[in-house]
Structure formats: structure tokens, C-alpha cells
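The values are calculated or read from the model by the stated rules, or taken from the named source; none is laboratory data. Quantities reported herein were computed from a predicted structural model and do not represent experimental measurements. Please note: Cβ atoms are built from the backbone with ideal geometry, for glycine as well, and neighbour counts cover all protein chains shown.
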Amino acid sequence: MHANLFIKPHRFIAACLVGLAGMTASVAHARGDTRVLDLETHAAFFSSETHQKTPLDPQVFVAAPGAPAGLGPQGIKHAENLRNALIGDAAALPVLNASGQPLDMTLGAWLGAKGQAILTDLPDGREKVSLALSGLKPGGHYSLFENHFDRQPIGFTPMDGAGTDNNFIADAQGRAAITTISPAVLTHANAVLVIYHSDGQHHGQERGDIGVTAHHQLIVRPE
């Protein structure tokens, strides 16, 4: 299925989220060529990986009257009267980008996204990557990227390698399904990354302006 096409998405997503929830890890590992992985919020992943004393989201912000302009933990510059959103902040707080522009959702909605990824090895050495997602922004523009933790600095490439088959739009209920092909099998040196584009645009082989027009929302790193 092409990343931009949704053929009866409610059936596909329901099958993934219900059917895959019943698939045990032992079955997946027994096959050897398919892995079923739960995504987590990028905020939780980043906070754990970087040992943040107070868990936060490095790429979305909340209003903080009187706060000076500054540089966040990922080197993202933010305007005055803003601070990074904390995972423990009130769920009803509106979230903003680094310039102070509203993302038109609450922190609870932002952190409420979830989903599963199905990674299937292909005979030619590539890997099929399928995601079933919910809790996204209805009608929001998203893309699927790959983290490269084995690069310094950490690299990012479109999951399909070209930036043409890795984009998708959430439906009116905030759900989405996407399948694309990774040029190589994913390992622990990589991660599957879901990026929200607050400018409503897809950026091809680039992620966009991180913290301003592009925001990492969900991630999973294979074992």
C-alpha cells in the first residue's frame, strides 16, 4: 500500500491494533523474520536516554510568561515566554512550537499518540516496515524516518531511503496506517521515528526545522 493511500483504514488499523496485540513475542521471534514493536513517545525515549532529571519533550513547548529566550536540551532555540513541555505538566496545557506558534493541540493529546510497528525481513535484504497508529492529530501531516545511532552526530534518513513513500496524513479520527520499504534491515543501531509536521508540509529527504515545523512524536528502537 502506498504511504499516501488509505483503503478502508479503519479495518487495517483495527486488525493491526487488535490482532497484533494478541500476538505473543515468542511467536514473532519463532518466525525469525518478523518483529512486532510498540512505539513510545519521543519525549519519554529522549528523557530516558539522556537521563533527564525532570522528563520533558525537547521539541514542543508551553507558555511560561517571563521566561527568557534560550536553548533547549537538543540545542533548539526557543523564543522568550516559553519553556520545554514537561511530561508531568497538566494535560490541558496547549503546546507550541519554538517560535511560540500554537500546534492546536493539548499536551495530553500530543503525548497520547501510540502505535505498533511490524518489521518484516525481505529476501533481498530490505525490510518491510508497517505502522498502525492512533491518537494523532486529525488531518495532521506526518512522515516516517529512520534514526542512525551509529553515526556521529546521529543521522536521519527517510524510512524508504528516498523521501517519496514515507509520508502520510492522519484520518479524521487521528488514525493512520503506512507501509514502506527500508533499504536495509533495522537493528539496534537504528530506530523507527514518526515525525509530525506542524506546517502541514512534507519535506522529502529532510525532516524540516526541528522544533519549529517538525516534531518527533513516536519512536521505537529494535533490540
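Observations
Conditions tested, residue by residue: (1) closer than 30 Å to Thr164 by Cβ; (2) surrounded by fewer than 20 Cβ atoms within 10 Å (Cβ to Cβ); (3) within 21 Å of the chain's Cα centre (by Cα); (4) at pLDDT 95 or above.
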residue	(1), (2), (3), (4)
Ala64	no, yes, no, yes
Ala67	no, yes, no, yes
Leu96	no, no, yes, yes
Ile118	yes, yes, yes, yes
Leu122	yes, yes, no, yes
Ser143	yes, no, yes, yes
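- Pair list, Cβ under 6 Å, 6 or more apart: the stretch 61-80 residue more than 22 Å from Gly108 (Cβ to Cβ), other residue loosely packed, with under 12 Cβ neighbours inside 10 Å and of a type in the set (Gly, Ala, Ser): Ala79/Ala69; Glu80/Ala69
- Which numbered condition Ala117 fails, given (1) in the same structural domain as His216 (by TED's automatic domain parsing); (2) small (Gly, Ala, Ser); (3) part of a loop (DSSP other than H, G, I, E, B): (3)
- For the stretch 134-145, the count of residues that are closer than 28 Å to Ala189 by Cβ and touching a Leu at 6+ places or on another chain (Cβ under 6 Å) is at least one.
- Residues that are outside the structural domain of Pro94 (by TED's automatic domain parsing), modelled with pLDDT of 95 or more and under 16 Å from Asp38 (Cα atoms) are absent from the stretch 155-174.
- Failed condition for His188, given (1) closer than 19 Å to Asp124 by Cβ; (2) part of a loop (DSSP other than H, G, I, E, B): (1)
- Any hit, the stretch 74-82, residues being over 18 Å from Gly211 (Cβ atoms) and of a type outside the set (A, V, I, L, M, F, W, C): no
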